[in-house]
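What follows draws every value from the coordinates through simple rules; no lab data is involved. This one's a predicted model, so the numbers in the text were calculated from it and none came from an experiment. Neighbour counts run over all protein chains shown; Cβ positions are idealised from the backbone, glycine included.
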Amino acid sequence: MILREIIDRLYELPPEKIDRDDALKVVAELKGHLNSGDARAASPADGGWTVHPWVKKGIILAFRVGRLHELAPDETFRFFDKDTMDARPMSLDDAVRVVPGGTAVRNGSYIAPGVVIMPPSYVNIGAWVGEGTMIDSHVLVGSCAQVGARVHLSAGSQIGGVLEPVNSSPVIIEDDVFVGGNCGIYEGTMVRKRAVLGSGVILTGSTPVYDIPLKKIHRRGTATPLTIPEGAVVLAGSRKTGDDWAAEHRLSVYTPVIMKYRDERTDAATVLESCLR
Ligand SMILES: CC(C)(COP(=O)(O)OP(=O)(O)OC[C@H]1O[C@@H](n2cnc3c(N)ncnc32)[C@H](O)[C@@H]1OP(=O)(O)O)[C@@H](O)C(=O)NCCC(=O)NCCS
């Protein structure tokens with residue numbers, strides 16, 4: 001039976017019916033495939049993305065069968081976590097710079113060569129990070145998040161994890177996207193190629209995004225995630241909201257606004273020092 005079918009079957013079993021030793025082998029095999037990038041929670045297909053629920057099921061299975069175990073370099077420096085959620089084995093051969101200082105990359109995540117991970121950052125299980133991407137300090141790459149090549153995740157940006165429901169889209173950040181400092185991208189939002197999120201932009205499944213150049217409002221559909229179009233430059237804006245009382249108190253809510261589509265000025269504003277890589 002292929003791994004996908006084994007995982008589908010184990011996922012449906014009540015926890016007491018799962019043979020833990022068998023499940024541990026399955027989880028170890030899945031993590032190997034996630035580490036090498038052979039298996040992904042979602043992958044590009046025909047200009048869009050296909051979600052692979054069996055991968056998420058495998059990760060959820062890892063949590064179900066995991067038990068607390070000690071992760072202790074010495075007696076004064078100790079960690080406790082599920083034994084299926086260990087740190088990813090890494091070596092110089094991975095050609096990834098992990099700058100010392102509190103970064104953790106969970107086993108079962110793909111980190112392409114040339115990625116830079118500044119401390120402290122956390123890359124969760126199921127994440128996929130493409131070549132040359134910069135993960136700056138205090139960045140979270142949540143479970144199953146798919147981050148493309150040459151993406152810049154600026155300091156403090158949070159890329160949310162989406163494990164359940166298993167057929168839901170993870171957060172997807174395509175190639176050459178620039179995510180400004182302190183952005184938050186959550187709930188399966190998709191950011192298409194070369195888009196630029198100005199610092200402080202927050203995107204959730206419920207966030208409407210007002211597109212000034214195209215005169216339209218981008219929203220999540222019943223079966224489609226909130227999608228930021230290719231090359232859009234999104235800024236943190238606001239809009240008036242509520243009733244007369246709200247107007248009397250001049251209330252407005254935070255609203256991301258597409259001010260323009262990427263141009264030479266944006267390229268200049270987001271250019272990065274290649275020597276930092
Ligand atoms: C989005 C960003 C890249 C600017 O893009 P740009 O293409 O150079 O934008 P422009 O300068 O052409 O500005 C277009 C309009 O948006 C406004 N604007 C630009 N950035 C803005 C921001 N962050 N907040 C509010 N308004 C902004 C400009 O004033 C201009 O409006 P106007 O025409 O009414 O004057 C920049 O604002 C940004 O957020 N950079 C990321 C910074 C960061 O997080 N760095 C982390 C690494 S240190």
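Computed values, structure above
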| read-out | value |
| --- | --- |
| Lysine pairs meeting the criterion (Cα under 13 Å, 8 or more apart or interchain), as found in the chain | 4 |
| Farthest positive-ward along the chain dipole, Cα basis, beta-carbon charges - from 218, 272, 204 | 218 |
| Ordering of 198-209, 102-113, 258-269 by packing [mean C-beta count within 10 Å, highest first] | 102-113, 198-209, 258-269 |
| Charge tally in the Cβ shell below 15 Å around residue 212, where Lys, Arg are +1 and Asp, Glu are -1, residue 212 excluded | +3 |
| Of 157, 129, 144, farthest towards positive along the dipole that unit charges on Lys, Arg, Asp, Glu beta carbons give the stretch 92-265 | 157 |
| Axial C-alpha extent at least 27 Å, average Kyte-Doolittle at least -0.5 - helices from the chain (DSSP) | none |
| Of 245, 54, 128, the one that fluctuates the most in a GNM where the chain has Cα springs shorter than 10 Å | 245 |
| Cα Rg over Rh - the chain, Kirkwood | 1.01 |
| Between the stretch 110-184 and the stretch 1-37, the Cα center-to-center distance that results, in Å | 25 Å |
| Within the chain, helix-based [θ] at 222 nm, where runs of 4 or more DSSP H residues each add -39,500 (n - 2.57), nearest 500 | -5500 deg cm²/dmol |
| Paramagnetic reach from residue 131 in the stretch 140-181 [backbone N under 18 Å; point 7 Å along Cα→Cβ] | 147-152, 174-177 |
| Computed label-point distance, nm, for sites residue 21 and residue 246 using a 7 Å Cα→Cβ extension | 6.1 nm |
